[in-house]
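Just below is one structure, and these are the notes that go with it.
The values are calculated or read from the model by the stated rules, or taken from the named source; none is laboratory data. Keep in mind it's a predicted model, so treat the numbers as computed, not measured. Please note: Cβ atoms are built from the backbone with ideal geometry, for glycine as well, and neighbour counts cover all protein chains shown.
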Ligand SMILES: Nc1ncnc2c1ncn2[C@@H]1O[C@H](COP(=O)(O)OP(=O)(O)OP(=O)(O)O)[C@@H](O)[C@H]1O
Ligand SMILES: Nc1ccn([C@H]2C[C@H](O)[C@@H](COP(=O)(O)O)O2)c(=O)n1
Ligand SMILES: [Mg+2]
């Protein structure tokens, strides 16, 4: 019954006109016989998730969905939830999963990509469960960029991208929220054998070499 209650995205119209039967199903995200490869990308604020995602996109052709970027885009659109999202981000808290998952869902549904990097998500157990229910999928792998707090604070304060949350007060709050809400998610995937911990200290290229090793082990090839 939970499948029947899912919205139309679970079954793309054009797929109903093809005689091809999907051989592998991942929730509603099956694309003519193939399910996309999903990697969640986790780590504290400023650990280098976005930087490494850019390298993965360049080298492996993943589609990069940053939950934070989607929320910032929503703020800029002056939509129904703009003020609410802005206030939550300023406070370093987590936006209700319903909002964030909907934004991710929209991007995934309008893409034919077979490789998704979902950056900065899930930030909480609530996020994780909402994704599983709405998208009907689990990640294949979870990359966790493990970085000492001191280094994360230094990086965020030097970022200079005009983000409303890149100030010492909000960073302290974000670090608390990371420990309280994100670490349980990281532990969850560790227990499931899906977690790959990357030492996020070093040059961008040194860190990317560790990422390469994980992707190679999953038979993902460059290009
Ligand atoms: N290995 C590195 N060494 C030094 N600085 C780095 C490294 N990787 C990224 N940075 C810099 O640190 C800052 C934060 O990086 P990035 O935006 O990728 O982090 P993030 O994990 O996406 O953070 P957030 O969760 O706040 O979005 C950026 O200014 C980036 O250029
Ligand atoms: N799953 C998410 C991701 C992000 N947010 C909010 C709260 C974060 O502090 C902010 C910035 O995210 P980032 O760019 O650092 O990944 O966006 C959220 O509520 N839920
Ligand atoms: Mg980021």
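In region 105-124, which residues are out of contact with any strand residue (DSSP E or B) (no Cβ under 6 Å at 6 or more places or on another chain), within 12 Å of ligand 2 (Cβ to nearest atom) and not in a loop (DSSP other than H, G, I, E, B)? Listed by number, the list holds a single entry, 121. Scanning region 199-209 turns up one or more residues that are part of a helix (DSSP H, G or I) and either touching a strand residue (DSSP E or B) at 6+ places or on another chain (Cβ under 7 Å) or on the phi > 0 side of the Ramachandran plot (or both). Look at (1) over 15 Å from residue 165 (Cβ atoms); (2) in contact with a helix residue (DSSP H, G or I) (Cβ under 9 Å, 6 or more places away or on another chain) and you find that residue 112 fails only one, number (2).
When residues in region 119-151 are screened for being in contact with a helix residue (DSSP H, G or I) (Cβ under 7 Å, 6 or more places away or on another chain) and within 15 Å of ligand 3 (Cβ to nearest atom), 8 of them pass.
Scanning region 51-85 for residues that are near ligand 3 (Cβ under 9 Å from one of its atoms), surrounded by fewer than 21 Cβ atoms within 10 Å (Cβ to Cβ) and over 15 Å from residue 96 (Cα atoms) yields 51, 66, 69. Residues that are part of a loop (DSSP other than H, G, I, E, B) and either more than 19 Å from residue 50 (Cβ to Cβ) or under 20 Å from the mean Cα position of the chain (by Cα) (or both): does region 142-150 have at least one? Checked against the condition, which is being part of a loop (DSSP other than H, G, I, E, B) and either more than 19 Å from residue 50 (Cβ to Cβ) or under 20 Å from the mean Cα position of the chain (by Cα) (or both), region 142-150 yields at least one hit. Does residue 153 satisfy being modelled with pLDDT of 95 or more and within 15 Å of the chain's Cα centre (by Cα)? Spelling it out, it is not the case that residue 153 is modelled with pLDDT of 95 or more and within 15 Å of the chain's Cα centre (by Cα).
Annotation note: Cβ proximity below 7 Å between a residue of region 196-208 that is touching a residue at least 60 places away in the same chain (Cβ under 8 Å) and a residue that is in a helix (DSSP H, G or I) and within 16 Å of ligand 2 (Cβ to nearest atom) (sequence gap 6+ or interchain) occurs for 204/51; 207/52; 208/52. For region 44-69, the set of residues classified as in a helix (DSSP H, G or I), within 8 Å of ligand 2 (Cβ to nearest atom) and closer than 18 Å to residue 111 by Cα consists of 67, 69, listed by residue number.
Would it be correct to say that residue 31 is out of contact with any strand residue (DSSP E or B) (no Cβ under 8 Å at 6 or more places or on another chain) and either modelled with pLDDT of 95 or more or on the phi > 0 side of the Ramachandran plot (or both)? In short, no. Remark: pairs (first residue in region 178-194, farther than 21 Å from residue 214 by Cα; second residue modelled with pLDDT of 95 or more and surrounded by 12 or more Cβ atoms within 10 Å (Cβ to Cβ); Cβ separation under 6 Å; 6+ apart in sequence or on different chains) = 178/44; 181/124; 182/123; 184/125.
Every test in (1) part of a loop (DSSP other than H, G, I, E, B); (2) in contact (Cβ under 8 Å) with a residue 40 or more places away in the chain; (3) surrounded by fewer than 17 Cβ atoms within 10 Å (Cβ to Cβ) is passed by residue 220 save one, and that test is (3). Residues in region 172-193 that are surrounded by fewer than 17 Cβ atoms within 10 Å (Cβ to Cβ) and under 21 Å from residue 141 (Cα atoms): 179, 183, 184, 187, 188, 190, 191, 192, 193.
Checking 134, 153 one by one, the residue that is crowded, with 20+ Cβ neighbours inside 10 Å, part of a helix (DSSP H, G or I) and more than 10 Å from ligand 2 (Cβ to nearest atom) is 134 and no other.
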